[in-house]
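One structure is given below, encoded as structure tokens.
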Number of protein chains: 2
Amino acid sequence: MENRRVVLAERPRGRLGASTTRLESGERPACAEGEALIRVGMLSIDATIRTWMDDAPGYLPPIELGGVVRGAGAGVVVESRTPRYAVGDVVVGMTGWQEWTLATDEVRFSVVPVGLGLDLATVMNVLGVTGVTAWVGVREVGGLREGDTVVVSAAGGATGSVAGQLAREGGARTVIGIAGGPEKCQEVVETYRFDACLDYREANLAARLREACPQGVDLYFDNVGGAVLDAVLANLAMHARVALCGAIAQYDGAERQGLLNTAALITRRGTMRGFIVLDYLEHFARVQGELAAMVRAGRLAHREHLVEGLDRAPDALSMLLRGENHGKTLVVVDPAVTLA
Amino acid sequence: MENRRVVLAERPRGRLGASTTRLESGERPACAEGEALIRVGMLSIDATIRTWMDDAPGYLPPIELGGVVRGAGAGVVVESRTPRYAVGDVVVGMTGWQEWTLATDEVRFSVVPVGLGLDLATVMNVLGVTGVTAWVGVREVGGLREGDTVVVSAAGGATGSVAGQLAREGGARTVIGIAGGPEKCQEVVETYRFDACLDYREANLAARLREACPQGVDLYFDNVGGAVLDAVLANLAMHARVALCGAIAQYDGAERQGLLNTAALITRRGTMRGFIVLDYLEHFARVQGELAAMVRAGRLAHREHLVEGLDRAPDALSMLLRGENHGKTLVVVDPAVTLA
């Protein structure tokens, strides 16, 4: 039986191009003792995938040339030779960009509990890595305090939109978003209920931040790096905390902009800390429960941007890197895979 | 009676020039009830003074035009109308660049204990702000751990040389300095007993750091910012800590170099934290006792660079900013002021 898959054909120089990946067809993997066969239903498209395409040291090894593109996804177990999974279980984990994959001793999946009352796309968005990342950045790394002025970049994105709402829920006084373009900024305020949203494409971001945060920024959740981070550094409050979650502005061959304002960390006694959500696995179950409860109670707005078809996964990643998505970007590989 | 003083004549654009400061003569201040009159003996020349000359927000307000240049110093009490100081006490505090000053309710001084067994220049160096800064950066902010690979920039300077020795004393496995020029690098290794010292003026600092620290840098004590900081960011170990103490490379009108490698804080889960030693006043007495004991036991090498005459204080600051000093830069205003 066929297994269509998207492999890395060449390392991108700058932006992803038509020749970066290749759709090819292989054999459906056979399920050995101790393994389970998974039909992939949906892929989570995350900016970090772009970093794995470079031949550069990172928190995970680069994707091999000719190898299936690494990425998270969800699927349903169709055959199981391990007590860990039952046929019919919906699971999430590192499926890669393909139609079929195996759960093995090394590649583990989490079983989505039945009766969550949420659809699969919502689970992939809010309860997936992006939602937990938002929680870890705001609470663990950023150390949110009652009354904080919080700024979130890529505020219309899957992580940023949840981060802002969690900051509000946790007692922030003011929550300011930064996003690209008037339409996104409007969405950040209207859908995700930030107090305001600044368009980084307009001039004088640092000055506009100063107006929006006259007491300075206590907590900055950074998804973009570069010039936006530099503008926030120019507006830190005393003892400010900067949680570095990503640097999407520098991933896709953009001209890299050096930070000029890090000395503000000295005068403001600020802390800038990078994190990877995989270091916080012990928090996942608890945080997912908290997030699911917020969604069911209508206290966490979320939006999914569905792209149909495995072959369009590369386009979906490009769209995300260009900032043209609205909400969590997901690729539907098999619409038959759903939550009961 | 005359009080010669150095005042800020104009705000420097870039490097300090002959017209930045002016030596002028005023009246010796009168000692009112509750005050003490201090004859200034020695000035501590610190890079941070340069930042106070700019009309920019900082951790202290800018020095006023026409006002005495702000700075730390030591002196002897010659008249006292407060029980806080006795005539003959040697005191340290913010004397400013002048021959006479007053201790008031607002401007307090610390009395140097008698019987320390150290001369005044040593006290101004190791027990002064620079020594305590080194301790705070290595221990409190940097969180030194047994076995750490530690890198210190401006390693031949007053703060850096003490920081490296404190790291060694506290259990660091490897202590690497960064300094300007072969002569300074030699001094860092021979006098201050760093394991090695890299000359930042030579090419490929990042690559040379990789050779010197093959396991990566656990703790970086940064005094300079700019390109040197960026090179260390490219070599962080997992969970690295960067203590930002100063950014001397960017103080004196140098072309500011933007940081390109802060995203390494994400992949390496690093923390970069700025600090100002004035926030750690409660540690001063204990740390000074520890440092004095190390000096007396011969376990803390130190060197003072004495410049004679109040009128040469501006030159001394310029020399420091050019990195041409050897050890702690001090200006002798009155050689008669000494410790018993």
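Of note:
- In region A:216-265, residue modelled with the lowest pLDDT [restricted to those that are β-branched (Val, Ile, Thr) and within 17 Å of A:CYS197 (Cα to Cα)]: A:VAL224
Residues are listed down the side, and each one gets a yes or a no for (1) under 26 Å from B:ASP54 (Cα atoms); (2) crowded, with 17+ Cβ neighbours inside 10 Å:
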residue: B:PRO182; (1), (2): no, no
residue: B:TYR192; (1), (2): no, yes
residue: B:TYR200; (1), (2): no, yes
residue: B:CYS213; (1), (2): no, yes
residue: B:LEU229; (1), (2): yes, yes
residue: B:ALA247; (1), (2): yes, yes
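- Considering B:THR101, B:THR95, the condition of being touching a strand residue (DSSP E or B) at 6+ places or on another chain (Cβ under 9 Å), of a type in the set (Ser, Thr, Tyr), closer than 16 Å to B:ALA313 by Cβ and part of a loop (DSSP other than H, G, I, E, B) is satisfied by B:THR95 alone.
- Residue in region B:274-289 that is modelled with pLDDT of 95 or more and either open to solvent by 30 Å² or more (accessible area, probe 1.4 Å) or aliphatic (A, V, I, L, M) (or both) present: no
- Comparison of B:ARG11, B:ARG28 shows that the only residue that is of a type in the set (D, E, K, R), surrounded by fewer than 22 Cβ atoms within 10 Å (Cβ to Cβ), more than 13 Å from B:TRP97 (Cα to Cα) and under 24 Å from the mean Cα position of the chain (by Cα) is B:ARG11.
- Residues (in contact (Cβ under 8 Å) with a residue 24 or more places away in the chain, within 14 Å of chain B (Cβ to nearest Cβ) and part of a loop (DSSP other than H, G, I, E, B)) located in region A:262-303: A:THR262, A:ARG268, A:ARG269, A:GLY270, A:PHE275, A:ILE276
- Summed over region A:306-321, residues that are under 30 Å from A:PRO182 (Cα atoms), touching a residue at least 12 places away in the same chain (Cβ under 8 Å) and either in the same structural domain as A:ALA154 (by TED's automatic domain parsing) or open to solvent by 60 Å² or more (accessible area, probe 1.4 Å) (or both) total 3.
- Candidates B:GLY96, B:GLY142, B:GLY88, filtered to the one that is crowded, with 17+ Cβ neighbours inside 10 Å, at pLDDT 95 or above and at positive phi: B:GLY96
- Single match in B:PRO62, B:PRO29 (criterion: under 30 Å from A:LEU236 (Cβ atoms) and either in a loop (DSSP other than H, G, I, E, B) or acidic (Asp, Glu) (or both)): B:PRO62
- Subset of region A:66-79 [farther than 20 Å from A:VAL129 by Cβ and either in contact with an Asp or Glu (Cβ under 7 Å, 6 or more places away or on another chain) or β-branched (Val, Ile, Thr) (or both)]: A:VAL77, A:VAL78
- Among the helices (runs of 4 or more DSSP H) confined to region A:173-245, the ones with at least 3 residues that are within 14 Å of chain B (Cβ to nearest Cβ), within 21 Å of B:ALA263 (Cβ to Cβ) and under 23 Å from the mean Cα position of the chain (by Cα) are located at A:226-233.
- Taking region A:51-61 as the range and being surrounded by fewer than 21 Cβ atoms within 10 Å (Cβ to Cβ) and either closer than 16 Å to A:VAL107 by Cα or in contact (Cβ under 8 Å) with a residue 24 or more places away in the chain (or both) as the test, the residues that pass are A:ASP54, A:ASP55, A:TYR59, A:LEU60, A:PRO61.
The values are calculated or read from the model by the stated rules, or taken from the named source; none is laboratory data. None of these values were measured; they are calculated from a predicted model. Don't worry about glycine lacking a Cβ; one is built from the backbone with ideal geometry, like all the others, and counts go over all protein chains shown. We work out accessible area using only protein heavy atoms, side chains counted, and drop any ligands, DNA or RNA first. Shrake-Rupley method; radii C 1.70, N 1.55, O 1.52, S 1.80 Å.
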